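What follows is a set of notes on a single structure, which appears directly below.
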Amino acid sequence: MTTSPLDAQQVLQQLNWRYATKKFDPAKKIPDATWQALEQSLVLAPSSFGLQPWKFFVIRNPEIRQQLQKMAWGQSQIVDASHLVCLAIKKGVNSDDVAPYIDRIADVRQTAKENLQGLGNVIQGFLKKPPFPLDVDAWAARQVYIALGFFLYSAAMLGVDTCPMEGFVPAQVDELLGLPEQGYGSVVLCTAGYRAEDDKYIDMAKVRFETEKVVQYVD
């Protein structure tokens, strides 16, 4: 499959356009086709070994969102944005999680599971005896942030505003959404929609350190 790359200036334009939107227009909703693309940006995000130790909970119930707002320091984005996603890790990922992934590969790529035994052994070995001290939930959380990055970038390319949020009480959110019973734990929330015209942050200059201070070439 061949694709036409985006113009470099267009990418930079959209990345400069985006910001962590603090005030959304509750009357503006993301079109279904656009949301489906954003949803797939989460599904298609890469992860270590491709293991995907996560689940993305899209919270559509307005009453639940109102309760979540109280658990997120009263931030208006929770209720005003078109969409709200809770990005969660699968808690305690272990070698038992490898077999379903291998089964999925065999099914999608139409190959015998025996051909994937080497890959399965590598992943199981990493989880059973990692080459460095490993907090598996912290490791899974790092994978979730890769998915978040994909989501934020894709939204910017589609002209959709977002706001990633760590300002909430995870234990309360987990209980409200019933995540522990499903074996998951919240890591970060992200709202998506369209900025309100009177959001005071719209015209503020983006503040970043100079490129030469944060990018270093090693020749």
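Bear in mind that the values in this text are calculations on the coordinates, not laboratory data. Small disclaimer: the values here were computed from a predicted structure and weren't measured. Cβ: placed from backbone, ideal geometry, glycine included. Neighbour counts: every protein chain shown.
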Residue among Glu114, Glu181, Glu197 with the largest mean-square fluctuation in a Gaussian network model of the chain, springs linking Cα atoms under 10 Å: Glu114
Label-to-label distance, nm, for residues given as Val11 and Gln117 (7 Å Cα→Cβ offset): 4.2 nm
0 to 90° range, to nearest 10: angle between helix 8-17 axis and the chain longest Cα axis: 60 degrees
Sequence of Val169, Val98 once ranked by neighbouring C-beta atoms within 10 Å, starting from the fewest: Val169, Val98
For the chain, built as a Gaussian network whose Cα springs stay under 10 Å, the top-fluctuating residue of Pro164, Pro180, Pro130: Pro130
Inter-label distance for Glu181 and Arg109, nm, one decimal - labels placed 7 Å from Cα along Cα-to-Cβ: 3.7 nm
Test item: Cα-centred dipole of the range 93-163, Lys/Arg +1 and Asp/Glu -1 on Cβ, debye: 220 debye
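Determine, for the chain, the count of lysine pairs separated by eight or more sequence positions (or lying on different chains) whose alpha-carbon distance falls under 12 Å. Please report the intermediate quantities before stating the final value.
Values: Lys22/Lys200; Lys23/Lys200; Lys55/Lys90; Lys55/Lys91.
Summing the qualifying lysine pairs gives 4.
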Relative contact order for the chain, counting Cα pairs under 8 Å that sit 6 or more residues apart, in percent: 35 percent
Residue order, fewest to most surrounding Cβ atoms within 10 angstrom, among Met157, Met204: Met204, Met157
Spin-label model distance (nm) - Tyr19 vs Gln40, 7 Å beyond Cα toward Cβ: 3.1 nm
Angle in degrees between helix 98-109 and the longest Cα principal axis of the chain, rounded to the nearest 10: 80 degrees
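If you place +1 on the Cβ of every Lys and Arg and -1 on the Cβ of every Asp and Glu, how big does the dipole about the Cα centre of the chain come out, in debye to the nearest 20? Mind dumping the intermediate values first?
On the way: 22 positive and 25 negative charges, 20 e Å.
The calculated dipole for the chain is roughly 100 debye.
Can you sort Lys29, Lys128 so the residue with the fewest Cβ neighbours within 10 Å comes first? Could the numbers behind the result be given before it?
On the way: Lys29 14, Lys128 10.
Neighbour counts put them in this order, fewest first: Lys128, Lys29.
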Angle in degrees between helix 117-128 and the longest Cα principal axis of the chain, rounded to the nearest 10: 70 degrees
Highest-MSF residue in the chain out of Val108, Val144, Val136 [GNM, Cα springs under 10 Å]: Val108
Local electrostatic count, Lys90, Cβ distance below 12 Å [Lys/Arg +1, Asp/Glu -1]: -1
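For the ranges 9-16, 61-68, 90-97, what's the packing order if you count other beta-carbon atoms within 10 Å of each residue, average per peptide, and put the highest first? Please list the in-between numbers first.
On the way: 9-16: 11.8, 61-68: 13.5, 90-97: 15.1.
Per-residue mean Cβ counts within 10 Å order the peptides as 90-97, 61-68, 9-16.
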